[in-house]
Amino acid sequence: MTRLEERSAAIFLDRDGTLVYSSVYPSRPEQLRLYEGIEQGLGLLQEAGFRLVVVTNQSGLARGLFTDDDLGRMHAHLADELARSGVRIDGIYHCPHHPDGVVPGLAVRCDCRKPAPGMILRAATDLSLDLASSWFVGDILDDVEAGNAAGCRTVLVDLGTESAPPRPARCPDYVARATRHALRIIAAVEGVGPAEPDVDYRPQGWDTASDKAAPPDGGPPSRRMRIET
Ligand SMILES: [Mg+2]
Ligand SMILES: [Zn+2]
């Protein structure tokens, strides 16, 4: 896949709810549990030349719920777990900030907390990535907005938390039933995997026709509590 290697495209991946099961402010390595069956899709895209970059809001740092060392241990564990299946993570970017935090220096507004695209832009500089050739996969519309703002194509993994996007900036290019499905969609669109018949999936309650011209009122409320990180 010389073409992709020249472009240095990436698959940006949210962490909680996208790579691993959602949990409330995990602070220990064993609390990060990878979704089953995602290694194959990640490996296929890596083989095709995509870099794999994790982009995660970790306001638990600003809130004083865990430390940088804790996070380092968690992310080493995550990388190790994926490496067991031959999947190499090229970078992990986290935002430690939150305006409501308690830790001095971290309790701030920043340009990296998603939906801002700061982490993606930094990764693009660090790794020489072409963002228009890259993808962002996440489980909430803040992920989608960050990916869109950075000029990536976006896939929302539907965990049932998100109502129809209130404006085009938060509209994903695709919605997947699970992360495995998101990776299959990307591989199919990129022509590096089998054709994926289920590319037009939309969550219940979303109006397909309103994808790119969604109603301004935000549509119906979320169907389930999301876990804010
Ligand atoms: Mg998430
Ligand atoms: Zn930040």
Worksheet item: Of these, Ser8, Ser59, which one is of a type in the set (Ser, Thr, Tyr), at pLDDT 95 or above and over 19 Å from Val157 (Cβ atoms)?
Response: Ser59
Practice prompt. Please work out if Gly160 is within 17 Å of Asp14 (Cα to Cα) and either surrounded by fewer than 24 Cβ atoms within 10 Å (Cβ to Cβ) or aliphatic (A, V, I, L, M) (or both).
Written response: yes
Worksheet item: Got a number for residues in the range 69-90 being buried (at least 19 other Cβ atoms within 10 Å of the Cβ) and part of a helix (DSSP H, G or I)?
Response: 5
Worksheet item: Inside the range 91-183, counting only strands (runs of 3 or more DSSP E) that do not spill past its ends, which hold 1 or more residues that are away from ligand 1 (no atom under 16 Å from the Cβ) and among the charged types (D, E, K, R)?
Response: 153-157
Discussion item. Out of His97, His77, I need the residue that is away from ligand 2 (no atom under 16 Å from the Cβ) and more than 20 Å from Phe50 (Cα to Cα). Which one?
Written reply: His77
Fill in: the range 186-229, subset of a type in the set (A, V, I, L, M, F, W, C) and at pLDDT 95 or above, residue nearest to ligand 2 (Cβ to nearest atom)
Ile186
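The values are calculated or read from the model by the stated rules, or taken from the named source; none is laboratory data. What you are looking at is a predicted structure, and each value in this text was computed from that prediction instead of being measured. All Cβ positions, glycine included, derive from the backbone under ideal geometry; neighbour counts span all protein chains shown.
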